[in-house]
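Encoded as structure tokens, the structure appears first; notes follow it.
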Amino acid sequence: MKSYMANMTKTVVVDSDAIFALYNPNDPLNSQATKTLRELAQRNYQLIYPTSVIFEILSLFQRVLPTPTITAKITEMISNDKMLIAVVDEAVLKESAKLFKPAGSKKNTLIDCSVVVISKKIKADGVFSYDKFYTKQGLTQAEDLIKHNSS
């Protein structure tokens, strides 16, 4: 993992549903996600992007968006070290596979499990997602972090 593990910064792991909501103005969560992102930035949270999420969201954008503008922007950010990346290595993959329940909800994927494993591994403060799977795994959603730290 990168330097965010070594220092005592506040971190949030980002899931693909939040990224999709941010970059898709037609998503019903767009304004909510944009507000959350702004609040996280104002509170100096570092956003961490697992490689599994990057692969998922870029594949999704490439398939569903009419132009490659957003896909190009994200790949440029990756190439220019503008995103903190958490690599899903063999150990993370194995832990994710242990957590994954293929017969469970079709919404809770191996990628979601990798977000849980990375979040716990780096001791992230929360997950930027709208999926309740993460709270069931003992993680705090980004919006809850904001609510609890706004007093």
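With the gyration tensor restricted to C-alpha atoms of the stretch 59-107, the semi-axes of the equivalent ellipsoid amount to 28, 19, 6 Å, longest first.
If R0 is 35 Å, the Cβ-Cβ spacing of Leu99 and Lys147 corresponds to a FRET efficiency of close to 0.85.
If you put +1 on each Lys and Arg Cβ and -1 on each Asp and Glu Cβ, how big is the dipole of the chain around its Cα centre, in Debye rounded to 20?
Approximately 280 debye in magnitude.
Protection proxy ranking for 20-30, 93-103, using the average of other Cβ atoms within 10 Å per residue and placing the highest first: 20-30, 93-103.
As a rough guide to protection, the peptides 37-46, 120-129, 51-60 ranked by mean Cβ packing within 10 Å, highest first, stand as 120-129, 51-60, 37-46. The amide H of Gln141, built 1.01 Å from its N in the peptide plane, has Val127 as neighbours under 5 Å, considering only residues 5 or more places off or on other chains.
Using bins of 10 Å that start at zero, the share of Cα-Cα pairs per bin across the stretch 1-113 amounts to 12, 39, 38, 11, 0, in whole %. Per residue, the stretch 35-106 exposes 66 Å² of solvent-accessible protein surface, assessed with a 1.4 angstrom probe and all protein chains in place. What is the dipole size for the stretch 85-151, taken about its Cα centre, with +1 at each Lys and Arg Cβ and -1 at each Asp and Glu Cβ, in debye to the nearest 20? Taking the Cα centre of the stretch 85-151 as origin, the dipole is about 260 debye.
For the set Val13, Val87, the ranking by accessible area, highest first and with no ligand, DNA or RNA atoms included, is Val87, Val13 under a 1.4 Å probe. Of the accessible area of the chain, computed with a 1.4 Å probe over protein heavy atoms only, carbon and sulfur atoms account for 56 percent. Round to the nearest 0.05 the FRET efficiency obtained for Thr9 and Asn30 when R0 = 30 Å and r is the Cβ-Cβ distance. Taking R0 as 30 Å, the efficiency between Thr9 and Asn30 is 0.65.
The values are calculated or read from the model by the stated rules, or taken from the named source; none is laboratory data. All of these numbers come straight from a predicted model, not from anything done at the bench. No Cβ is skipped: glycine too gets one built from the backbone with ideal geometry, and neighbour counts run over all protein chains shown. Please note that ligands, DNA and RNA were not included when accessible areas were found on the heavy atoms of the full protein model with its side chains. Shrake-Rupley method; radii C 1.70, N 1.55, O 1.52, S 1.80 Å.
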